[in-house]
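Q: Below is a structure I'd like to ask you about.
Every read-out reported here was derived from the displayed coordinates using simple, explicitly stated rules and does not represent laboratory data. As the structure is a computational prediction, the values presented were derived from the model and not from experiment. Cβ atoms come from the backbone with ideal geometry, glycine included; neighbour counts cover every protein chain shown.
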Amino acid sequence: MTPSLATPRKGDPIVAMLLTWLVPGAGHLYLGRPRRALAAFVLIEGLYVLGFVLSAGLFLNLLPAEMRGRFAGVLTPEVGNLGALLVHLSRVGFLEQPRAWPAGMHLGMALTAASGVLNFALVSQANFDARVGESSPAQRGPAPGFAAALTWLVPGLGHWLQGRRKRALAIFVMLVGLFLLGVFLAEGFNLDRERHFYYWAGQFLLGLPAIAAEFLAGHARLDHDVAYLDAGVVLGCVAGMLNVLVMLDAYGWSEDRRLGDEPAPAPTPARSEA
C-alpha cells in the first residue's frame, strides 16, 4: 500500500537510503530524527571500529594476492557499511601479512561483518521512514527494518514477534537444518573465512547460528581429504542467502501492517431467510 497524500514525506527515500548506506544514521539525521541517527551511528560504527581493532584491520588480507583489487570488498557483508569500508580501503588497504593472525581476528571479523548487515536493515528502515513520515496510520508490530534485523540475527525471530509462530518455526528448522547439513558434510571445515572467504560471507547471512557454529567448531586445520567439502560449503552458503528472502518477507509484512494494508476478511455467507 502506498502512503496517502495526507501522510507528508519527511524527505526523499532514495536520498535517505544512500546517506544511511554511506554513514549509518545520516539518513535519519536528514529526516529530522537526530536521536535515532546518533544511536545508529554509535552502534554500527562502534561494531566496525571494535572489530577493526580486534582484527588489526586484516580481514581483506585473507584474500589471495591475485584477488586483492579495488572491488575486493563488494561481496563481503562489510559493504553494507559502505563508508567505513571505503575508509578502511583508502587509509589501510592491504597490510603486510603477519606471521600469525591477531588473537581477536575471528571475533573482529564477525563484528565488522555484523555492522554491514545491520546497516542494510537500517537503510531499509530509512526508506520506510522517509516514505511514511511521522503520522503512519497504523503503528502495529515491530518496525520493518527492526523485523529484518531480528530475522538476520535468528532466522524466524522477526516472524515470531509478528505473531506468525508456525512460519517462524518452519523457517528456523529448515534454514538452520540446511546449514547444519552443510556443516556435517564439510566436517566443519566450511566454518572459516580464511579458507572460504566469499562462501563464508554467504553463510554469515544466517546470523547467530552460523556465528555460534564457527566459534564452537570452526577454524580446525584441514589435515585430510573431506569427500563432500564442496557440497557442504555450498549448502551452508545457500542457507544464509535464503535467509535474505526471509528477511524481505519479515520487512514486507511489517510494512503492510504499519501502513494499515491488511488482507480484507473473507465475506460472511449470507443466511437464507426462513
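Q: Which value, in debye to the nearest 20, describes the size of the charge dipole of the chain about its Cα centre when Lys and Arg Cβ atoms bear +1, Asp and Glu Cβ atoms bear -1, and nothing else is charged?
A: That gives the chain a dipole magnitude of about 740 debye.
Q: Note down the magnitude of the dipole of the stretch 138-261 about its Cα centre, charges +1 on Lys and Arg C-beta and -1 on Asp and Glu C-beta and zero elsewhere, to the nearest 20 debye.
A: That gives a dipole near 660 debye.
Q: ³J(HN,Hα) across the stretch 155-166 via Karplus (A = 6.51, B = -1.76, C = 1.60, θ = phi - 60°), whole Hz, x for Gly/Pro?
A: Taking θ as phi minus 60°, the curve returns x, x, 5, x, 5, 4, 6, 7, x, 9, 5, 5 Hz for the stretch 155-166.
Q: Among 75, 105, 251, whose Cα lies farthest out toward the positive end of the dipole of the chain, if unit charges sit on the beta carbon of Lys, Arg (+1) and Asp, Glu (-1)?
A: Looking along the dipole axis, the top candidate is 251.
Q: Residue by residue, what Karplus-based ³J(HN,Hα) values in Hz, rounded to whole numbers, does the stretch 123-131 have, using 6.51, -1.76 and 1.60 with θ = phi - 60° and x for Gly and Pro?
A: Each residue of the stretch 123-131 in turn: 4, 5, 5, 4, 4, 5, 5, 5, 6 Hz.
Q: Give me the number: length gained by fully extending residue 170 to residue 43, i.e. 0.36 nm times residue separation minus the C-alpha to C-alpha distance, one decimal in nm.
A: 42.6 nm
Q: Moving to a separate point now. Convert each backbone phi in the stretch 39-47 into a coupling constant with the Karplus relation 6.51 cos²θ - 1.76 cosθ + 1.60 (shift: θ = phi - 60°), then list the ³J(HN,Hα) values in order as whole Hz, x for Gly and Pro.
A: 4, 5, 4, 5, 5, 6, 6, x, 4
Q: Which order do 87, 132 fall in if you start with the one that has the fewest other Cβ atoms within 10 Å?
A: Ascending number of Cβ neighbours within 10 Å: 87, 132.
Q: Could you sort 112-120, 164-172 so that the peptide with the highest average Cβ count within 10 Å comes first and the rest follow in order? Walk me through the intermediate numbers first.
A: Details: 112-120: 24.8, 164-172: 16.2.
Those peptides, ordered most packed to least, come out 112-120, 164-172.
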